[in-house]
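Every number in this text was worked out from the coordinates using simple rules, so none of it is lab data. Please read all numbers here as calculations on a predicted model, not as lab measurements. As a convention, Cβ positions derive from the backbone with ideal geometry for all residues, glycine included, and neighbour counts pool all protein chains shown.
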Amino acid sequence: MAEFLFYILCFFPFISLQGSDSSDVQPYCLIYTIIMLIATCMKEKICIDKKMYTLYRIIILGILVGCAATIILDGFDFSGILRYLATYCGLILISYVSYNICLKNEGLNEKLTKIIINIWLLVGMIQTFVSREFCSNFIANARTTANRGVIGLASEPSFYGYMCIFFALLVLEFQTQKIFYWLNLLFQIVFLAKSTTTVLYLIILLGIIGLFFVLKGGLKRTVIFLMVTVSLITGCMYFVEHADSGQRIVYFLKILFSGRGISGLIGQFGADGSIRIRVRDIWICIEGFIDYLGFPHGFHTKKISSGYGSILYTMGWVGVIIIIYLYKLIRSAFENEMIQKIVPTFLTIILFSAIQLSNPIIGFILGFYMYKRKILCAEGKTNYINGNEVVK
């Protein structure tokens, strides 16, 4: 029951017991994780892998650096510190509990994950074909517009879309019905969430896969990839011709296929308020990091619409170390060379966008990848792990 509730809280992070809230991602998972961790500590010793221990120490160092910078630059700002403290401590605690649950269950609970994906699908379909307001009273800050898609069980369509992206990463580990659930999630992204941002994520993913095939895949794989890409483009063009032209995603796709290409699309992105704010926040973080020569700005700042960008901005060079270490850790979770390169690169790119690091699904996936790394280490199947050391 405890593990079941942990899955539910990780995979439904926007559900609120009080409807509208000041925050999109709710703190219930973090609170429950702390309770679980306390209960575990009372029964047994905490045992963690050396790589996990190193990552957690770096994150804690980043927290201390961010707090010190906040006090030096702006005095003691308790509210700002508390918000970031909850985010980064949550990343540590949730990933650790996820790691231990995967150890006990010998991996992902595939059956429960499939049920959860289908619940998201069902809610999205009801909102699309029956009532757009369905379940919105239970979602924190539920918001969308007539020319956007539905929200599913997230606060807005783009959040619905990126939840589907993270679910797709877990589907990669399924033993059965992988293709079905990838198509399930693709349907939710394109036809239910209709999220332009998430479609951009998919384009980035295709670009990374294409680059890998060109450099490493050989002629046969490259030709297959090009054939699949042409088929997808043809399908998108058909979709644009027959879909409602008032939809935001259709509007952007029409620009892309109109002859103005990528440059025209980027120009329209700049005119779109929502996209402009998110791109601006990414740029502010990178520019701020460069201007300060990597010196941290601290936690006294407005909410930044960039996950990794906020790490760079608030923690400075320690943030760079965290991002690099996370990349290497995720890479070490896979045996297949193609996945080793594609998944961590893709995650690193999209986590610079408006994906909240406070979302517990990120901590869950990180803990799962820690588990996968440990299993590969025990089987001697990875070159990225130095032993199987445990810190008690």
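Amide H neighbours of Ile48 under 5 Å, at least 5 residues apart or on other chains, H built in the peptide plane: list them.
So Ile48 has HN proximity to Val391.
Order these peptides, 184-191, 322-329, by their mean beta-carbon neighbour count within 10 angstrom, highest first. Mind showing how you got there, number by number?
Numbers: 184-191: 20.1, 322-329: 17.0.
Top of the packing list down: 184-191, 322-329.
Determine, for each peptide in 159-165, 219-225, the mean count of other beta carbons within 10 angstrom over its residues, then list the peptides with the highest first.
Numbers: 159-165: 26.3, 219-225: 12.7.
Peptide ranking by packing, descending: 159-165, 219-225.
Explain nothing, just compute: Karplus ³J(HN,Hα) = 6.51 cos²θ - 1.76 cosθ + 1.60, θ = phi - 60°, for every residue of segment 131-137 in order, whole Hz, x for Gly and Pro.
8, 5, 8, 4, 6, 5, 5
Assuming 0.36 nm per residue, please report the length gained on full extension of the stretch Glu133 to Ile115 beyond their Cα-Cα distance. Walk me through the intermediate numbers first.
On the way: separation 18, 0.36 × 18 = 6.48 nm, distance 2.24 nm.
Using 0.36 nm per residue and subtracting the Cα-Cα distance, I get 4.2 nm.
Take Ile350, Ile321 and order them by how many other Cβ atoms sit within 10 Å, fewest up front.
Ascending number of Cβ neighbours within 10 Å: Ile321, Ile350.
Per residue of segment 116-127, in order, report the coupling 6.51 cos²θ - 1.76 cosθ + 1.60 (Karplus, θ = phi - 60°) as ³J(HN,Hα) in whole Hz, putting x for Gly and Pro.
With coefficients 6.51, -1.76 and 1.60, one gets 5, 4, 5, 5, 4, 4, 4, 5, x, 5, 4, 5 Hz.
What are the chymotrypsin sites (Phe, Trp or Tyr not before Pro) within segment 1-104 that DSSP puts in a loop, where the Cβ has at most 16 other Cβ atoms within 10 Å?
Phe76
In nm, to one decimal, how far is the Ile38 label point from the Ile72 one, both placed 7 Å along Cα→Cβ?
3.5
Using modelled backbone amide H atoms (1.01 Å from N, in-plane), which distant-in-sequence or interchain residues come within less than 5 Å of Ile139's amide H?
Residues meeting the criterion, in which the H sits 1.01 Å from N, are Ser16.
Under the Karplus relation 6.51 cos²θ - 1.76 cosθ + 1.60, θ = phi - 60°, what is the ordered set of whole-Hz ³J(HN,Hα) values for segment 152-158, x standing for Gly and Pro?
x, 10, 10, 6, 7, x, 5
By counting other Cβ atoms within 10 Å of each Cβ, how are Glu156, Glu335, Glu106 ranked from fewest to most?
Least to most surrounded, the residues fall as Glu106, Glu335, Glu156.
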